[in-house]
């Protein structure tokens, strides 16, 4: 199992639809499942960093104030854990907001009476022409007095 676990760790890649937090959790799961993988902390960080998408790599470099991998492993872990907490919190907030909006929409839908089709036609009022100049049954543009 050590070889299989080590192989999976070295082949790790962030999935297209995977958040930074999800990738970090999955990577740590691989490390936990294979505790005798033999990779140094630096090798683990290098593997994880190089498996990330460009945006997440840039984000880590920005947080490190330069090249992320130039930092000491403890500093790198601190940055990753901080970024992971922020991403996880944002994801929870978005899910909560979506859930709240969905609940509000369902509540609104349940409160609104269903429209009933009208069986009697609504009367339509005809507009009668009335001249503002003389009061006759024609428009003011057609008034014979002007």
ask   = Which ones in region 16-51 are more than 25 Å from residue 66 (Cβ to Cβ) and either part of a loop (DSSP other than H, G, I, E, B) or more than 29 Å from the chain's Cα centre (by Cα) (or both)?
value = 16, 17, 18, 32, 33, 34, 35, 36, 37, 38
ask   = In region 44-75, how many residues are more than 19 Å from residue 17 (Cα to Cα) and out of contact with any helix residue (DSSP H, G or I) (no Cβ under 8 Å at 6 or more places or on another chain)?
value = 5
task = Go through (1) within 27 Å of the chain's Cα centre (by Cα); (2) over 20 Å from residue 78 (Cα atoms); (3) outside any loop (DSSP other than H, G, I, E, B) one by one and return the number of the condition residue 13 breaks.
result = (3)
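Per-residue answers, yes or no, for (1) loosely packed, with under 15 Cβ neighbours inside 10 Å; (2) touching a strand residue (DSSP E or B) at 6+ places or on another chain (Cβ under 8 Å); (3) modelled with pLDDT of 90 or more:
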residue: 59; (1), (2), (3): no, no, yes
residue: 72; (1), (2), (3): yes, no, yes
residue: 80; (1), (2), (3): no, no, yes
residue: 98; (1), (2), (3): yes, no, no
residue: 110; (1), (2), (3): yes, no, no
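The values are calculated or read from the model by the stated rules, or taken from the named source; none is laboratory data. None of the values given here were measured: they were computed from a predicted structure. Positions of Cβ are backbone-derived with ideal geometry, glycine not excepted, and every protein chain shown enters the neighbour counts.
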